[in-house]
1. State whether one or more residues within segment 174-189 are within 16 Å of the chain's Cα centre (by Cα) and surrounded by fewer than 16 Cβ atoms within 10 Å (Cβ to Cβ).
2. Return the total of residues in segment 47-85 being under 18 Å from the mean Cα position of the chain (by Cα) and of a type in the set (Ser, Thr, Tyr).
3. Give me a count of the residues in segment 118-133 that are modelled with pLDDT under 90, in a helix (DSSP H, G or I) and of a type outside the set (Ser, Thr, Tyr).
4. Is it the case, given these coordinates, that TYR132 is closer than 30 Å to HIS85 by Cα, out of contact with any strand residue (DSSP E or B) (no Cβ under 6 Å at 6 or more places or on another chain) and of a type outside the set (S, T, N, Q)?
5. Just need a number here: residues in segment 15-69 that are aliphatic (A, V, I, L, M) and either farther than 21 Å from THR86 by Cα or in contact (Cβ under 8 Å) with a residue 60 or more places away in the chain (or both).
Amino acid sequence: MEQAESTSAAFWYSLLPDTRQGITSATSDDELKQIRSGPETSESLIILEKAAEKLSEQGNHKAASQVLNHVLSARQNSPNFGPEHTDTLSTLWKLAIEQDSLGQSAEAEKSWRKLLKIHDTKGGLTGLGIMYNLGRTLNEQKKYGEAEPLLRKVLPELEKEIGKESQQTIGCLRELSESVGALRGYAEAKELNEEGVALIEKTQLSEEDRAEYLEGMREVRAKIEEWESTEALRVKGPTMPL
């Protein structure tokens, strides 16, 4: 009993004050009591993961990430779960999303790579989602040479599985156009970008989502044009004054 209380206290006070407050706000009195009685039991982990989802919805990604790290560690080390259990992988996926939201691209890359290693990526939407998110995270770190072949592989599979006009396919077009442009494939990058814009215009989206997707495409187009302009100047070389 004393050991259980010690474990609970150690867990509770290892959390940031904001995280403790967030868990308290996101759970009922009975749920909080369950967590305090044993933060690593299966029941507590379910409650904590749901609390992390609420924290994420509120924009408190730092607290959500800390809670999910605890859930992930507990499940990975549990004889009832383990590293490759479906629930463990689901938690790792959620953690990767939070890491992305916090701008922790290097950590997110590690998480997506772990998922990629475990999952069967030869088919199915889950594997495609992992590869797409990994490619996006690599782009964020300017690892374009690694991102481009991954995204190029994913794009036709997404088109086949969920259609050209899906939001995931449009997102993949945006990311691929960026990585191709960064690798000096300017003409192809512009074509991919234009294809993405055309799809956004014809896809059923809310006005807010449409504006957000178009802005993302415009930002990538601006990068491509800047890279192309810089390359042209480099090839032309400095001009001599008359």
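The values are calculated or read from the model by the stated rules, or taken from the named source; none is laboratory data. Every value quoted in this text rests on a predicted model; they were computed, and no experiment measured them. Cβ: placed from backbone, ideal geometry, glycine included. Neighbour counts: every protein chain shown.
1. No, because not a single residue in segment 174-189 is within 16 Å of the chain's Cα centre (by Cα) and surrounded by fewer than 16 Cβ atoms within 10 Å (Cβ to Cβ).
2. Matching residues across segment 47-85 total 2.
3. Qualifying residue count for the region: 3.
4. Answer is yes for this residue.
5. Adding up the residues that qualify gives 8.
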